[in-house]
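Notes follow the structure.
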Amino acid sequence: MSEIRLGGKGKTTGNPSVCSERDSRITTAAIPPSKTIVVTSGKGGVGKTTTTANIGAGLALRGHRVVVMDTDIGLRNLDVVMGLENRIVYDLVDAIEGRCKLNQAMIRDRHQQELYLIPAAQTRDKNCINPEQLTDLCRRLEEDFDYIIIDCPAGIEQGFRNAIGPAQEAIVVTTPEVSAIRDADRVIGLLEAAELQHPRLIINRIRPGMVKRGDMLDKDDIVELLAVDVLGLVPADDRLITATNQGVPVIHDRKAPSGQAFARIAARIDGDDVPLMDLEPKSNLMNRVRYLMGINRSEYTHA
Amino acid sequence: MPKSHTIQPDAIRVVGRGTNVDFSIDDSVPFDLAERRLREYLSQCRGLYSRGRVSVNVGRRILAPDQLASIKNILGCETGLTVSRYWCPPDVLSTALAGPDSRPALPSPPTVAPESPVITAQAGLNNNGLQLAFPGLDATQSTFTEIDDAGGVSPSPAHPGPVEGPEHLEGAPGPKFTGNQALIIKHTCRSGEVVRYQGDVVVFGDVNPGAEIVADGDIVVLGSLRGTAHAGADGDLKATIFALNLESHRLQIGSCVGERPHGTRKGKSGRKAVSPQIAYLSAAGDHSIFVAPFDRSASGGREYQWQSVGLQRP
């Protein structure tokens, strides 16, 4: 029943006692609408989970109260990427099935006070929840949080349907590979059919040097095919792999080009008008030599 | 959602059907009452339905244009739903048109159903006036009627959206399609979308790889055609496929399948100037597909033959 959007924009404002500390902050400005955003891709391994973690961290760095939610039940790893694996007591399915309170399933991030993770269950499967339950859960979270970022599992089956159920906006992650783009196209079609119009695109793992040499699809080729707005371009970056393995979102690494790209993406989600910058290879000869010799860790900077 | 509940006895019935919801309003209820009931119901569940387009089945009731506009207005004001088309059983339309009123009055509103989420194409194109024969249609299929912004209507019989499955291809051999119905698709056809239609298909947008268009008539793509296209699916060997930018690797006309010869693909997606191209079967009857620039006088306007991959029963 995806056409029927319970609540939608006209959601109830939170219980005053619950969000009193927010009220002082937002009395003058217009209250920003809570946004439930799903991060999806169709194909696996393109960087959904990393993107979710970094967007969540980026929005929290901008002073928002954020929940990131892993809906990849049975194959959870958002907790690993955020370095919170050891703190899991209850998970999403426990909260949905009433074995714990919602706030017991929320784990506070190690770096930011206003960022919470709801981990997926590892011992269950995607069919044990349904979109209505998840929608209900998100509507409750929206009363207390500014953004809810949902990490969608790969594929277009039950897990996908669960994840897009509560979403008011969608972000599609792809890499500059034909297979990922084909899947992104399919997913955009499904999102549009589910009334999530105008999903926005993040192109991940761009290698500007290869694009320049004509060995990799460039942004314009991808946008021409997919016909959607681009939310951001993320360069391939070794620092991201290091950060991910350490359980720290790369956005905290100020030197990482990918982290800076995610910071700009978070700003755009937040409504800032940050122009899209083309990624440029480091043209410096020494850098190229270093890269060829395997010394340079991040191949490229960006303009 | 297989639940149903009655809001006002004998006036409106709400039934969930898959992901769609139907509002059925009793045919025998007077129009003003039905109108009031619809308004009451929608205001009761304000917030439940938001956004989206619906098609209105006007059932067997005869309606004046201002009554149609009123339905559109109710749906728009109470819920923000947009009416994209009206439809009714074909025999009702023929009866209405045969009636003494020269202004095409229309049957009226009992059913409101959100459009199929997968294919939201608007059907209905008619240049030959009203054709009230419905070859190959059974009684359950319906007539689409386009509405214009003024609330006026121009009834145009057409097949109801994409026809699932190739059943209609069986039976008598040879083309059955007579050529004045078209399906207009106003969005990009993305991977996984399959459009089958017993007439011409016009796409305002691209046809992406993995999408499939099967038409008994011609196919016109006002954008890039990168997916599969099959024109003349019921055996019309004169069918053509036109695209502003023809990038498909495989096309089918009638039962003849053609594959793009190696090396004829335009340079690797530089910002090339595209030229419209048209694909057709050779007149020689050797089942080979030719592709030529639509404007033969354009530079490099040379037709080239596609490799015949053989015949395939549709």
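Computed from the coordinates by the stated procedures, all read-outs in this text should not be read as laboratory data. Being a predicted model, the structure only gives us computed values, none of them experimental. Using ideal geometry, Cβ is built from the backbone for each residue, glycine included, and neighbour counts are taken over all protein chains shown.
Separation between the A:His198 and A:Gln246 pseudo-spin-labels, each 7 Å from Cα along Cα→Cβ, expressed in nm?
Result: 3.9 nm between the two label points.
In sequence order, what are the phi-derived ³J(HN,Hα) couplings for region A:53-59 according to the Karplus relation 6.51 cos²θ - 1.76 cosθ + 1.60 with θ = phi - 60°, rounded to whole Hz, with x for glycine and proline?
4, 6, 5, x, 5, x, 5
Per 10 Å bin from zero, what fraction in whole % of the C-alpha pairs of region A:162-265 is there, up to the bin with the longest pair?
Spelled out bin by bin, region A:162-265 gives 14, 40, 34, 11, 0 percent.
By how many nm would the segment from A:Lys255 to A:Val274 grow when fully extended, if each residue of separation counts as 0.36 nm and the alpha-carbon distance is taken off?
Fully extending the segment from A:Lys255 to A:Val274 adds 4.9 nm.
Using alpha-carbon pairs under 8 Å, 6+ residues apart, how would you state the relative contact order of region A:30-276 in percent?
Reported relative contact order: 26 percent.
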